[in-house]
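Values in this text are rule-based calculations from the coordinates and carry no lab data. None of the values given here were measured: they were computed from a predicted structure. Cβ placement follows ideal geometry from the backbone for every residue including glycine, while neighbour counts extend to all protein chains displayed.
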Amino acid sequence: MITLRNIGVVTALTLVWIILREDIHWITIAQGVVVSIGCLYFSARFFPLDKMTDVSFRRLFLYPFYLIGQVYLFGFLVMKMILKGARVEVIELETSLQSETLKAILGDSINLTPSTLLIDFKGDKMPLLWLRPIDDPESTEHADASIKDGFEKRLKKAEK
């Protein structure tokens, strides 16, 4: 269905396409429109936001910017660990999030940050591989705080 909102979304996605392609020919614009319409169609079909009633997506507006910052921060920490030495441990984190959607976002956020890899997701428990400094005397409670508390705290605000 063609609505003003859909036209705005297609326009915004097409502009992002043009910026990423660094080209402003009519072919690039046409490709951007086609890809944008495809994205809009598939996201409406396979990612039905209207059925996710346990999450306030307006409160998640700034979360991607926080996530990008954490990816870069953890990236620099991993570079430092590579130079100084690191060890890999399997730890289990527990989340207090109730929404399955937000749990999935938390798991994806943990996977996106360097030094962590989610192995499985069992209810509220998340076993994961954690790359930690070799000289870090802290226990796994430190990992719990440093890995998920920032993400979980922000995601908790989006729960209804």
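Remarks
- Taking every alpha-carbon pair under 8 Å whose residues sit at least 6 apart, region 63-156 reaches a relative contact order of 36 percent.
- 0 to 90° range, to nearest 10: angle between helix 63-84 axis and the chain longest Cα axis: 40 degrees
- At q = 0.13 Å⁻¹ the log10 of I(q)/I(0) for the chain amounts to -0.78, computed by Debye summation with a single uniform scatterer per C-alpha, solvent ignored.
- Rule-of-thumb Rg ratio for region 4-47 [Cα; 2.2 N^0.38 Å; N residues]: 1.13
- Percentage relative contact order, the chain, counting C-alpha pairs under 8 Å, at least six apart: 25 percent
- Efficiency of FRET between Val35 and Val71 - r from beta-carbon atoms, R0 25 angstrom, step 0.05: 0.55
- Between 0 and 90 degrees, the angle of helix 100-112 with respect to the longest Cα principal axis of the chain falls at about 70 degrees.
- Extension gain for Asp149 to Phe47 (0.36 nm times residue separation, less C-alpha to C-alpha distance): 34.1 nm.
- For the chain, the longest principal axis of the Cα atoms and the long axis of helix 140-156 meet at an angle of about 30 degrees.
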